[in-house]
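Below: one structure, written as structure tokens.
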């Protein structure tokens, strides 16, 4: 399980980030100022830091410099400073990504996953409910019994798992799973969903979201 440190002095935003990322399977801790964050970084190991720039005591730029000199932990700036010069400054000083407020939670989660992949901090295996997915081997086991999935069924399952508890629009699913290959009617998606439900015994977990698409509810 990846550990994320959220450094944010606005309690509402910090709580939202913690709840949303925890729902995705991340272990999160919060720090409300730069000094508290520096203490936590000295005491514990984290896989990623989500860092605001405008912080009490030690600002985000100073803390970023400390992180890069001591831990090499990847950092994503999350800040209201949206001017191009601010983005350039943050990236030039070593931030691995830069997100401006307000932001869509789906985009933030996607960026978190991208940075973790870039630093090889994601696990080859994903465990969810009683199912184990080996991403590299593209294999699935349920209670130690192998589940045979087609390539598209595996890609669809992985997409649902990586976005668990989030509603996915049909066109997003098509783009991610089928890409330019999709030249047929949307009934194909429904059939793949039905087969996944049956093979995994997840009839009550893969929910149909009316007029939107599907959601894996765990």
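Values in this text are rule-based calculations from the coordinates and carry no lab data. Because the structure is a prediction, the values reported are computed rather than measured.
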When the Cα centres of segment 56-99 and segment 1-53 are compared, how far apart do they sit, in Å?
14
With 16 Å as the cut-off, how large is the P(r) tail for segment 125-216, expressed as percent of Cα-Cα pairs?
51
Between 48, 191, 160, where does the largest GNM mean-square fluctuation fall for the chain, given springs only between Cα atoms within less than 10 Å?
191
GNM, the chain, Cα, under 10 Å: largest mean-square fluctuation among 90, 25, 179?
179
If you take every DSSP beta bridge whose two residues both sit in the chain, what share of them, in percent to the nearest 5, is antiparallel?
50
Using just the helices of the chain, give the 222 nm mean residue ellipticity in deg cm²/dmol: DSSP H runs with n ≥ 4 each add -39,500 (n - 2.57), and the total is spread over all residues, rounded to 500.
-12000 deg cm²/dmol
Looking only at 134, 144, 163, which one moves most when the chain is put into a Gaussian network model with springs between Cα atoms under 10 Å?
144
